[in-house]
1. Kindly check whether there is at least one residue in segment 59-69 that is crowded, with 16+ Cβ neighbours inside 10 Å, touching a residue at least 24 places away in the same chain (Cβ under 8 Å) and not in a loop (DSSP other than H, G, I, E, B).
2. With the requirement that a residue be touching a Ser or Thr at 6+ places or on another chain (Cβ under 9 Å) and modelled with pLDDT of 95 or more, what does segment 85-115 give you?
3. Go through segment 22-49 and count every residue that is outside any helix (DSSP H, G or I), open to solvent by 30 Å² or more (accessible area, probe 1.4 Å) and either touching a helix residue (DSSP H, G or I) at 6+ places or on another chain (Cβ under 8 Å) or more than 16 Å from ASN11 (Cβ to Cβ) (or both).
4. Quick check on my filter: what residues within segment 70-84 are open to solvent by 30 Å² or more (accessible area, probe 1.4 Å), basic (Lys, Arg), closer than 13 Å to ARG105 by Cβ and touching a helix residue (DSSP H, G or I) at 6+ places or on another chain (Cβ under 7 Å)?
5. Just name the residue that is nearest to ARG70 (Cα to Cα) out of those in segment 16-57 that are of a type in the set (Asp, Glu) and free of Cβ contacts under 8 Å to residues at least 12 places away in the same chain.
6. Of all residues in segment 12-37, how many are modelled with pLDDT of 75 or more and in contact with an Asp or Glu (Cβ under 9 Å, 6 or more places away or on another chain)?
7. Keeping to segment 76-90, report how many residues are of a type in the set (Gly, Ala, Ser) and over 9 Å from TYR36 (Cβ atoms).
8. Limited to segment 85-113, what total is found for residues that are open to solvent by less than 40 Å² (accessible area, probe 1.4 Å) and hydrophobic (A, V, I, L, M, F, W, C)?
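The values are calculated or read from the model by the stated rules, or taken from the named source; none is laboratory data. Because the structure is a prediction, the values reported are computed rather than measured. Heads up, the Cβs are rebuilt from the backbone with ideal geometry, glycines too, and the neighbour counts pull from every protein chain shown. The protein model used for the area step is the full one, side chains on, heavy atoms only, and it has no ligands, DNA or RNA in it. Shrake-Rupley method; radii C 1.70, N 1.55, O 1.52, S 1.80 Å.
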Amino acid sequence: MLSHGDGNLDNWHWHDFIGTIYALDWEFAGHSDAAYDAAELIEHPSARAIDDDLWLALLPELGVTDGQARRRFVAARRTAALRWLAVRWKRRDTNASALEQQLHRTRSLITGDHG
C-alpha cells in the first residue's frame, strides 16, 4: 500500500468544515503496510502529546485489525522507537532530557513493560 512515510503530526491537517484529514509533505512516501504506518505514527515524538491508550484504541481505525498485523505493529513500534533513540543520541549534547525520555520509552517497548 502507499504509505505517507512520516509520522510527524504537523504533517496532518484536520479540515473542520468537511470533517476530513489531509496528509501533507509526501517527501518520505513509499510502499509499506498499515501496521508499520501505525507504529511510525504512534512512535513519532510529536505523538507523545496523545496518550498511548488512546493511540492503541485507534489501531483498528489505522488498519491494524488482526493478530498478524498486531504482531507486526509491536515489532515495528520497537523499530521506530530505536530509530528515534538514534536521532536523540545525535542531539544528546543539546537535548539530554529528550534522549533520556526516548531511552526510557524504547526500553519499555523492548522489555514489554508498557501499555
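1. yes
2. Result: LEU85, single match.
3. Within segment 22-49, residues that are outside any helix (DSSP H, G or I), open to solvent by 30 Å² or more (accessible area, probe 1.4 Å) and either touching a helix residue (DSSP H, G or I) at 6+ places or on another chain (Cβ under 8 Å) or more than 16 Å from ASN11 (Cβ to Cβ) (or both) number 4.
4. Result: ARG78, single match.
5. Top of the filtered list is ASP51.
6. Adding up the residues that qualify gives 1.
7. 2
8. 5
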